[in-house]
1. What about I85, is it buried (at least 21 other Cβ atoms within 10 Å of the Cβ) and part of a helix (DSSP H, G or I)?
2. Based on this model, can you work out whether S153 counts as crowded, with 16+ Cβ neighbours inside 10 Å and touching a Ser or Thr at 6+ places or on another chain (Cβ under 9 Å)?
3. Out of all the residues in the range 60-82, which are assigned to a helix (DSSP H, G or I), farther than 28 Å from Q201 by Cβ and in contact (Cβ under 8 Å) with a residue 12 or more places away in the chain?
4. Report, by residue number, each residue of the range 185-239 that is among the acidic types (D, E) and either in contact (Cβ under 8 Å) with a residue 40 or more places away in the chain or in a strand (DSSP E or B) (or both).
5. Between E114, E19, which is surrounded by 15 or more Cβ atoms within 10 Å (Cβ to Cβ), farther than 18 Å from W160 by Cβ and at pLDDT 95 or above?
6. Which ones in the range 88-139 are of a type outside the set (F, W, Y), more than 17 Å from the chain's Cα centre (by Cα) and part of a loop (DSSP other than H, G, I, E, B)?
7. Contact list please: Cβ distance under 7 Å, first residue in the range 157-180 and basic (K, R), second residue part of a loop (DSSP other than H, G, I, E, B) and at pLDDT 95 or above, pairs at least six apart or on different chains.
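The values are calculated or read from the model by the stated rules, or taken from the named source; none is laboratory data. What you see is a predicted model, and the numbers here were worked out from it, not measured in a lab. When we count neighbours, we look across all protein chains shown, and the Cβ atoms used for this are built from the backbone with ideal geometry, even at glycine.
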Amino acid sequence: MDLAPIVLFVYNRPEHTLETLKSLSENTLSVKSNLIIFCDGPKKGATEESLGQIKKVKEICRQEKWCGQVEVLESELNKGLAKSIKEGVTQVVNEYGKVIVLEDDIVTSPYFLEYMNQALSLYERDEKVMHISSYWPNTTKYLPPLDSTFFLSFMSCWGWATWKNRWDKAIWDFQFHLDQLKDSKIKRRFNLDNSLLQSEQLENNINGTINTWAINWYATIFHENALCLYPSVSLSSNIGLDGSGTNCDALEVTLNVSQKSVPVKRIKIKESKIARNYLIRYYRFGENSDLLKIFKFHYVKLRFRLIKIIKGN
């Protein structure tokens, strides 16, 4: 199997970077893989502390041979995460035709690279499949079983992969994507039945509140009516939800990566209704999405509607 190169984007978080590299090195295919690390440079007027953190990250990247081949590319100036990823992924995917992407706070299962490379090989010619995701959240007491892999129109960037001819379709225009959501039904679907207001990310990028890249890639996939492949158990997890990252507040997410491989077999290229409902449930109710929470949610909605009817609204 022709293995895809791995690109890793790092900046000023040495502890996170070390954990990410350690877990990557423990992958079954790491010794056969090429790793390209993009180190972002310091911001203008950076403090001595920040400069020290950036230097330490670069030292960690070079302290061991984390994969079969490792190339460290340093930027003298600060590009920011969004620009770094857009430029870095484009550079690598143009050369190799496919790419596996990590950020400095994504720890991986020992079978992450196996899954990614198998999926990239299996669906290479199926252009309706634009993205391979490795992260899948846990919720409790969910009854319908999930297949080992499945498709969703929704995109996760906590460990992912794609091909050049898909990446070439990306439209990096927030306003363009927001304009495609004028129909309320389309907007609701884009927002996972309003359980996760992704459209607000587009608006916040337009008004300058945030500067992100992933929302444009998700919107491109969504408007192309394309799909993302997922595993039924998570092969990656985010350790950076401690307030240390860019554009992300501190959140509680259970760190749980599978210690077993995920079989990647060809399945029908169609969105899984079960998986979509699972994800909506997760974002609406959280990890402990038991039946009592669901009952209370629908009870409140029904009560609100009845009040509106009684008042004649």
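1. Yes: the conditions hold for I85.
2. no
3. Within the range 60-82, I60, C61 meet the criteria.
4. D193, E224
5. From the options E114, E19, the qualifying one is E19.
6. Passing the criteria: G97, P110, E124, R125, D126, E127, K128, T139.
7. K164/G97; R166/E127; K169/E224
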